[in-house]
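Right, one structure below, let's go through it.
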Amino acid sequence: MTGPGDAGMDRYARQVRFAAFGAEGQSRLSAATAAIVGVGALGCVSANHLARAGIGRLILIDRDVVETTNLHRQLLYDETDAASGIPKAVAAARRLASINGGVAYKPHAVDLNAGNIETLLQGADVVLDGTDSFGVRYLLNEWSAKHGKPWIYGAAVGSSGMTMTIRPGTGGPCLRCLFPEPPGAGALDTCETAGVLGPIVDLVASVQSMEAIKLLGGREDALHGALLQTDLWHTGWQQLQIGGARRPDCPVCAARRFELLEGEGAEPLTASLCGRRTVQVSPASDTEIDLGRLAARWTQLGIVELHDYLLRLRRPDGLVFALFPDGRALVSGTDDPLTARRLYAELLGE
Ligand SMILES: [Zn+2]
């Protein structure tokens, strides 16, 4: 598919002229698929770069909706998106389609988990980390080791960030080799506790994007090969060489035990979303919901808004219930999982 203004390779003339990438890199990139998990601050930047660079297919996965507090750093969204509260994956795909219509976008407004990861990431040549969840990163790490596909870790908080490219089967470490245990709750600064300034996010995601362009363009020799850490307030870079960091006793890349992927840890039915008085409720089993039919049924209960991939009910008591077609819901206006589950049961008769 060719979009308007996409006159053959002319559009990419400036990047093809960069000799180390060249026409071969461009042609490989245009046949490649990348998945971006978490289209928040980091994911917006990497999705933007890969779409503009002319990747073939872009899978966009995000469980959340656009809010005003996202706008200072999440570059693909605007005030209209925040006012309508549409899913980030949908808003991102829409915006990117107007930037480069030649890319195939696959938006998914879902929570990536062991039950859907194989389907969602099918065909991905690389995965870029845009999540802030160590649980999701560990899951991605297992998927990557199982399928021999690379993924690019990235994190940014405050004014500092880090990134690393993980390539199974090349002798380097996986995420679990470097971080054998997930950090305990509250052990790490988050965007909620420490805040975050926009430019550090761009920097980390730009490094991730460049690594993806090298990988997909067939220039693995140019990858940085380190755990990069940087801070843009107390400006500095650290490049930790990780060539020898692979652990012979790593449960994932050495023993190939994929405990998360095989669902040995039960999925929680509720989860609080990083400090924004929102609880996510997941259905107990796979389900598919006709949002249009429910919308008609809820009109007496409050203000009902039906969007692509999302039905929202604004209740008189201040609780806002956003429901996705896969039965997942975000309940805003409370931190209490019980309140959220009770409302879920009331509205869906479960
Ligand atoms: Zn490992």
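The values are calculated or read from the model by the stated rules, or taken from the named source; none is laboratory data. Bear in mind the structure is a predicted one, so any value in this text is a computation, not a measurement. Using ideal geometry, Cβ is built from the backbone for each residue, glycine included, and neighbour counts are taken over all protein chains shown.
Among the residues of the stretch 121-141 satisfying the criterion of being assigned to a helix (DSSP H, G or I) and without any contact (Cβ under 8 Å) to a residue 60 or more places away in the chain, which is farthest from Ile36 (Cα to Cα)? Checking each candidate, the answer is Phe134. Suppose we filter the stretch 156-182 for residues that are hydrophobic (A, V, I, L, M, F, W, C), within 11 Å of the ligand (Cβ to nearest atom) and modelled with pLDDT under 95; how many remain? Adding up the residues that qualify gives 2.
I'm trying to understand the selection: among the residues of the stretch 114-132, which are over 21 Å from Ile55 (Cβ atoms) and surrounded by fewer than 18 Cβ atoms within 10 Å (Cβ to Cβ)?
Listed by number, the residues that qualify are Gly115, Asn116, Glu118.
Restricting attention to the stretch 71-96, which residues are touching a residue at least 40 places away in the same chain (Cβ under 8 Å), assigned to a helix (DSSP H, G or I) and either surrounded by fewer than 24 Cβ atoms within 10 Å (Cβ to Cβ) or out of contact with any Asp or Glu (no Cβ under 9 Å at 6 or more places or on another chain) (or both)? Residues satisfying the conditions are Ser84, Val90, Leu96.
How many residues are in contact with a Ser or Thr (Cβ under 9 Å, 6 or more places away or on another chain) and modelled with pLDDT of 95 or more if we restrict to the stretch 107-121? Full working, then the answer.
Keep residues of the stretch 107-121 that are in contact with a Ser or Thr (Cβ under 9 Å, 6 or more places away or on another chain), which gives 111-113.
Narrowing the set further to residues that are modelled with pLDDT of 95 or more leaves none.
Number satisfying all stated conditions: 0.
Reported count of residues in the stretch 142-155, each being within 14 Å of the ligand (Cβ to nearest atom) and either outside any loop (DSSP other than H, G, I, E, B) or surrounded by fewer than 20 Cβ atoms within 10 Å (Cβ to Cβ) (or both), is 8. Inspection of the stretch 333-348 finds no residue satisfying the criterion of being within 23 Å of the chain's Cα centre (by Cα) and not acidic (Asp, Glu).
Scan the stretch 245-264 for residues that are without any contact (Cβ under 8 Å) to a residue 60 or more places away in the chain and away from the ligand (no atom under 13 Å from the Cβ) and the total you get is 1.
Counting residues in the stretch 221-228 that are of a type outside the set (Lys, Arg), within 22 Å of the chain's Cα centre (by Cα) and within 16 Å of the ligand (Cβ to nearest atom) gives one or more. The residue pairs whose first member lies in the stretch 34-63 and is farther than 21 Å from Val16 by Cβ and assigned to a strand (DSSP E or B), whose second member is modelled with pLDDT under 95 and of a type in the set (Asp, Glu), and whose beta carbons are closer than 9 Å, counting only pairs six or more residues apart or on different chains, are Ile61/Asp111. Note on the stretch 73-109: residues that are within 21 Å of Phe321 (Cβ to Cβ) and among the basic types (Lys, Arg) amount to 1.
Only residues that are closer than 15 Å to Gly161 by Cα and either in contact with a Pro (Cβ under 7 Å, 6 or more places away or on another chain) or crowded, with 20+ Cβ neighbours inside 10 Å (or both): list them for the stretch 204-230, please. Outline the logic, then answer.
Filtering the stretch 204-230 down to residues closer than 15 Å to Gly161 by Cα leaves 204-209, 226-230.
Selection gives Val204, Ala205, Val207, Gln208, Ser209, Leu228.
Each row is one residue, and each column tells you yes or no for (1) on the phi > 0 side of the Ramachandran plot; (2) modelled with pLDDT of 95 or more; (3) over 16 Å from the mean Cα position of the chain (by Cα).
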| residue | (1), (2), (3) |
| --- | --- |
| Phe134 | no, no, no |
| Lys146 | no, yes, yes |
| Gly154 | no, yes, no |
| Thr193 | no, no, yes |
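Are any of the residues in the stretch 231-240 crowded, with 16+ Cβ neighbours inside 10 Å and within 16 Å of the ligand (Cβ to nearest atom)? Within the stretch 231-240, not a single residue is crowded, with 16+ Cβ neighbours inside 10 Å and within 16 Å of the ligand (Cβ to nearest atom).
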